[in-house]
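Contents: one structure, followed by commentary.
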Amino acid sequence: MNKADSERMAGILEAMGYCEASSELEADLVLYNTCTIRDNAEQKVYSYLGRQAKRKHLNPAIKLVVAGCVAQQEGEALLRRVPEIDLVMGPQHTNRLENLLFQVESGQQVVATDHQHIVEDITAARRDSSICAWVNVIYGCNERCTYCVVPSVRGKEQSRTPTAIKQEIETLAALGFREITLLGQNIDAYGRDLPGITPEGRRQNTLTDLLDFIHNVKGIERIRFATSHPRYFTERLIDACADLPKVCEHFHIPFQSGDNSVLKSMARGYTIERYLRIIQQIRKRMPDASISADVIVAFPGETQAQFRKTLSVIKDVGFDQVNTAAYSPRPNTPAATWSEQHPEEVKVSRLQEINKLVQETSHLRNKRYLGRLEEILAEDVNPKNPNQLLGRTRTNRLTFFDCQGPSGFIYKPGDLALVNIETVRSFSLSGTAVK
Ligand code: SF4
């Protein structure tokens, strides 16, 4: 989500005439788009800001902007800590960057952190890839997971209309993009705030309806979505993913803990049995689907036995990928105030143990690709080997492949290449393209 916001702000700056400086210590305007999901990401921002504040003393014309979730969380307090900052802007103000910079240019120090309705953006994002694009479909989150700072910094759910989303995707297709990933903090909540009930009494404008609605955009070959919430994940969505050919067989569904009482104190609203049933249903319809997840270890009060249940789920499910994190107390969240916080050694040791297991299971899972012919959407030249292209399988596995013919590459970025997989590693594959 932050990456998508960064691309949008870079697009606004380019439209205003800014171009990229060779380094952040050369720039006339420095914008940090910040993340507050874990404490160490937040601390990094303060060290970057310290360096920029020194530069600003030597050259007061430099503009210093802090955007994103740290900006939203800290607001005015950021100015007290680093008075050299010109603009503090929360994520709901991303699309307003140009206006806010005009205010800065008129000599004001601006704090834009009030919650507001996100207006449709008319500027084009400066996307890092020319093949794969993020498309925001819902902003904010109405859940109240007890560890999570997102609802307080990104505000209430706001869905974009299906028509606005489809228009953006059509524009992307016309520009040559081939893959889109629909984004939401809790993408299954898409449309809850939009009107519409079917004659059968079912809510319209769900994620499933959206997938149906955008599926026919010509030029787009692949559609993905993230992040799913096990509480709201439906069988109807699984059926749509199985039936709509452009929707890729890759599901990112965080489970966070393998223990029901930990899930309850996290206020996640599902049991691990429900989670496992969802995985079963997905695999019944799409046996080769890849499944990835997020997990938190050393949550306040998590016992060794509860931690072991999380390890068991990882072993039993056979995830393709799991993003792991040790619990990090965040401001204004209930879990941060609980007394049963784990010391750093417990966090580090549980994290190390789970990471080792994740690496083993990912490697094991990747072995199924060996000797297979996979469809790879070529994205770019491998920066480490100019004779190779890189891309991803439908299941989202990063793949490097040789594809030299007598007169250069036989495929180019944007093509769907057929690749014979010859090497598997824990987090990537390699092979040779066939024509
Ligand atoms: S659903 Fe996700 S973003 Fe929303 S509160 Fe829970 S963890 Fe945070």
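Would you tally the net charge around T432, using a Cβ to Cβ cut-off of less than 13 Å, leaving T432 out, and scoring K and R as +1, D and E as -1?
-1
On a full-extension model of 0.36 nm per residue, what is the gain between N260 and K315, subtracting their alpha-carbon distance, rounded to one decimal in nm?
18.1 nm
I'd like the projected area of the range 370-434, averaged over all directions, using the convex hull of its alpha carbons. Report it in nm² with one decimal.
Mean projected area for the range 370-434: 4.0 nm², to one decimal.
Can you report the principal axis dimensions of the chain using only the alpha carbons, biggest first, rounded to whole angstrom?
Sorted largest first, the three principal extents are 61, 61, 52 Å.
Starting at the first residue of the range 101-113, write each ³J(HN,Hα) from the Karplus equation 6.51 cos²θ - 1.76 cosθ + 1.60 with θ = phi - 60°, in whole Hz, x for Gly and Pro.
Once θ is set to phi - 60°, the couplings for the range 101-113 become 5, 4, 5, 4, 5, 7, x, 8, 9, 10, 10, 10, 10 Hz.
Choose one answer from A378, A27, A189: the residue with the largest mean-square fluctuation in a GNM of the chain with alpha-carbon springs under 10 Å.
A27
Strictly under 4.7 angstrom between C-beta atoms: which cysteines of the chain have no such partner?
C19, C35, C69, C132, C141, C241, C248, C403
If you project the alpha carbons of the range 208-278 onto the principal axes, what extent comes out on each, in Å, largest first?
The Cα atoms of the range 208-278 stretch 47, 17, 16 Å along their principal axes.
Put a dot 7 Å past each Cα toward the Cβ at R192 and S349; how far apart are the dots in nm?
3.9
Under a 5 Å amide H to amide H cut-off, with H placed in plane at 1.01 Å, what residues pair with F225 once short-range neighbours are removed?
When sequence neighbours closer than 5 places are left aside, the close amide H contacts are L182.
What dipole magnitude, in Debye to the nearest 20, does the range 370-434 give about its Cα centre under +1 on Lys/Arg Cβ and -1 on Asp/Glu Cβ?
My answer is approximately 180 debye.
Give me the number: length gained by fully extending K54 to E422, i.e. 0.36 nm times residue separation minus the C-alpha to C-alpha distance, one decimal in nm.
Once the chain is fully extended between K54 and E422, it gains 127.3 nm.
Within the chain, what whole-number % of the accessible surface is contributed by carbon and sulfur, with the 1.4 Å probe and all protein chains included in the calculation?
Carbon and sulfur atoms account for 52 percent of the accessible area of the chain.
Counting only residues 5 or more places away or on other chains, whose amide H sits under 5 Å from the amide H of G269 once H atoms are built in the peptide plane?
none
Any chance you could get the radius of gyration and Dmax over the Cα atoms of the range 284-362, in Å?
Expressed in Å, the Cα Rg and Dmax of the range 284-362 come to 14.1, 44.
The values are calculated or read from the model by the stated rules, or taken from the named source; none is laboratory data. Predicted, not measured: the structure shown is a model, and the values here were computed from it. Ideal geometry is used to build each Cβ from the backbone, glycine not excepted, and the neighbour counts take in all protein chains shown. Remember, those area values only see protein heavy atoms, side chains included, never the ligands or the DNA or RNA. Shrake-Rupley method; radii C 1.70, N 1.55, O 1.52, S 1.80 Å.
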